[in-house]
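What follows is a single structure, written as structure tokens, with notes after it.
Read-outs throughout are calculated quantities, based only on the coordinates presented, and are distinct from any laboratory measurement. Just so we're clear, the structure is a prediction, and the values are computed from it rather than from any experiment. We place every Cβ from the backbone using ideal geometry, glycine too, and count neighbours over all the protein chains shown.
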Amino acid sequence: MTSIAGGVVGLLAYGFTRDARHIQSPLIAKQAAPFTLTLFDGRTIMLQDFRGKAVFLNFWASWCPPCRAEARALEAAWQKNKEPDVVFLGIDIQDTEEDARAFVQEFGVTYMNGRDPSGKIAVDYGVWGIPESFFIDPQGRITYKHVGGIGASTVEAKLYEALKGIVSAEEGKGEYRSVR
């Protein structure tokens, strides 16, 4: 029995040393986890409100250097791709509301953003490091996941694929900060 427990502990220890950018998500091509989010402007939205649209979902925090580095590019991508069938949604995690609001203001972010104070949404999406981004097609399936900073050109390409329901075989990887 001791050797089994030791094996389990060893396996867990190995798992915690893994770089999140090398852990494949089991969520690709699956239905996105439903959630309700209160936005910084006080509105409450649910993911299901955006059925029939492509959704770019970005998990971030104000203290995260790669999140800060990608913020202007994400806003630029939003401004370029504001279409009736496209939604950008930011979810702040492991942060204070004051710092999160200051971040949104500092970077002039105009797309919808809110906080996940309990971390439940992040857990449901298997967020390990930030930033992490997910693309969801009009049928509600996750078509692509990107761990780490993401550029505007990748956002645009993956949005186009999400609109068409094209599921990516590979996940994207960039600079990130572990949240565990």
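Some observations on this one:
- Whole-Å semi-axes of region 69-148's equivalent ellipsoid (Cα gyration tensor): 19, 18, 11
- Å³ per residue enclosed by the Cα convex hull of region 113-165: 90 Å³
- Between Ala102 and Met46, the distance separating the two model label sites (each 7 Å from Cα on the Cα→Cβ line) works out to 3.5 nm.
- Neighbourhood net charge (12 Å Cβ-Cβ; Lys/Arg +1, Asp/Glu -1) for Asp137: +4
- Ascending count of other beta-carbon atoms within 10 Å, so fewest first, for Arg141, Arg72: Arg72, Arg141
- For region 44-180, the calculated P(r), taken from all Cα-Cα distances in 5 Å bins from zero up to the bin holding the longest distance, is 2, 11, 22, 25, 23, 13, 3, 0 percent.
- Residues of type lysines that Lys80 reaches as a straight line, Cα spacing below 18 Å, ignoring anything fewer than 8 places off in the same chain: Lys53, Lys158
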